[in-house]
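Following: one structure in structure tokens, then a few remarks.
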Amino acid sequence: MNQTTTAAAHWDQRYEQNQRSAWFANPLVLSELNRRITGSDTFWLTWLFETYLKKKPRHLLSIGCGDGSHENLIARQQWAKRVTGFDISAQGIAAADTVSRSENLNAHFITMDFDAFISNPMRDFDVVLFIGSLHHVKDLEGMLATVRQALDPGGIVIINEYCGPCFNIYDEARVALINSTLDTLDPVFKVSPNAKWINQSIDEILAQDPSESVRSSLIPSFMKHYFEPEITKPFGGALLHPLFDHLNGAKLADGSHESETIVRLLIQMENSLAAAGSLPNDFMFGVYKNTKHPSMRPT
């Protein structure tokens, strides 16, 4: 099984089992992340399309759209006149297409991998969107150069991305922080009494999903090289993201005072450590303008 097939099988399984990122699933954490991006409790996509963008996109392309939940929302809310999305997962695309067809949305989905797009790019978009997909791209240079060609001059790229350590391999200090935090929590709040973060080996990573965070740490600098930044907002995740993979999500979202207090303390812990310069930002939101489109260069 080659790496592309391995990645596709991994994501097919995730969509079949409806697996989601654990930290996004907690309502208090999600509210905090929206605040970090937008400055309010407004969902970041709502803020983006209803407040920030001054013009409704004519044709939006979502690269690595998964099961199309964000893309169908955009079409449902009529935030863009037309939406196209593609993903490597046939299961994800089937789910996206089912929703779009059942609601008669102007959203269209294609099963395709990144390399196929780079080799044979689509054209005529005024917005390109990456939501948690760009950190799965190995050929960042090829992808961003192709996006630049796919976009209209002056079009925009929007990213909501992991940009932390490649392959999610954390340094010793970060691992110690994650595990000491886990050690302080009662077992009822964890997936298992002895829950612990252990960096996976490269062999383990490649066997599961060889695309996971393959060149993630390069994203911020590469985006600035290919596009003109309008907004860049780091929004944390260095502690909360790995931590929630080891926490009992159902218990922490049960609405009890105890659970909500634990979550609020963890959020405050990450905020305080980040403010003190002791934690990096592993995630970022960005809006970039295509002022470096080839057709705009002087000859």
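The values are calculated or read from the model by the stated rules, or taken from the named source; none is laboratory data. Predicted model only: the values in this text are computed from it and were never measured. As a convention, Cβ positions derive from the backbone with ideal geometry for all residues, glycine included, and neighbour counts pool all protein chains shown. Ligands, DNA and RNA are stripped out before the accessible areas are found, and what is left, the full protein with its side chains, is counted by its heavy atoms. Shrake-Rupley method; radii C 1.70, N 1.55, O 1.52, S 1.80 Å.
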Scan of the range 282-299 for residues that are modelled with pLDDT under 95 and under 25 Å from the mean Cα position of the chain (by Cα), ordered by number: Thr291, Lys292, His293
Checklist (1) open to solvent by less than 60 Å² (accessible area, probe 1.4 Å); (2) in contact with a Leu (Cβ under 9 Å, 6 or more places away or on another chain) applied to Gln77, failing item: (1)
Candidates Leu206, Leu218 - the one that is within 20 Å of Ser21 (Cα to Cα), open to solvent by less than 80 Å² (accessible area, probe 1.4 Å) and in a helix (DSSP H, G or I): Leu206
Subset of the range 86-121 (residues that are among the aromatic types (Phe, Trp, Tyr) and part of a helix (DSSP H, G or I)): Phe114, Phe117
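Every residue, every condition in (1) more than 21 Å from Ala150 (Cα to Cα); (2) in a loop (DSSP other than H, G, I, E, B); (3) modelled with pLDDT of 95 or more, yes or no:
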| site | (1), (2), (3) |
| --- | --- |
| Arg36 | yes, no, yes |
| Thr46 | yes, no, yes |
| Glu50 | yes, no, yes |
| Lys56 | no, yes, yes |
| Ser62 | no, no, yes |
| Leu73 | yes, no, yes |
Selection count where residues are touching a helix residue (DSSP H, G or I) at 6+ places or on another chain (Cβ under 9 Å), among the acidic types (Asp, Glu) and closer than 27 Å to Ile202 by Cβ, scope the range 212-268: 1
Residue, most open to solvent (accessible area, probe 1.4 Å), within the range 178-203, restricted to residues that are in a helix (DSSP H, G or I) and touching a Phe, Trp or Tyr at 6+ places or on another chain (Cβ under 9 Å): Ile202
Of all residues in the range 245-263 being outside any helix (DSSP H, G or I) and either without any contact (Cβ under 8 Å) to a residue 60 or more places away in the chain or open to solvent by 40 Å² or more (accessible area, probe 1.4 Å) (or both), the one that is nearest to Asn26 (Cα to Cα): Ala253
Residue in the range 230-240 that is among the hydrophobic types (A, V, I, L, M, F, W, C), within 18 Å of the chain's Cα centre (by Cα), surrounded by fewer than 17 Cβ atoms within 10 Å (Cβ to Cβ) and outside any helix (DSSP H, G or I) present: yes
Matching residues in the range 146-176 - criterion: being open to solvent by 40 Å² or more (accessible area, probe 1.4 Å) and in a loop (DSSP other than H, G, I, E, B): Ile169, Asp171
Considering residues of the range 109-145 that are open to solvent by 10 Å² or more (accessible area, probe 1.4 Å) and hydroxyl-bearing (Ser, Thr, Tyr) only, the residue modelled with the lowest pLDDT: Ser119
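Restricting attention to the range 282-292, and to residues there that are under 14 Å from Met223 (Cβ atoms) and in a loop (DSSP other than H, G, I, E, B), which single residue is least open to solvent (accessible area, probe 1.4 Å)?
Across the range 282-292, the extreme among qualifying residues is Asn290.
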Residue match in the range 269-281 (condition: at pLDDT 95 or above, under 20 Å from Ser31 (Cβ atoms), within 18 Å of the chain's Cα centre (by Cα) and open to solvent by less than 80 Å² (accessible area, probe 1.4 Å)): yes
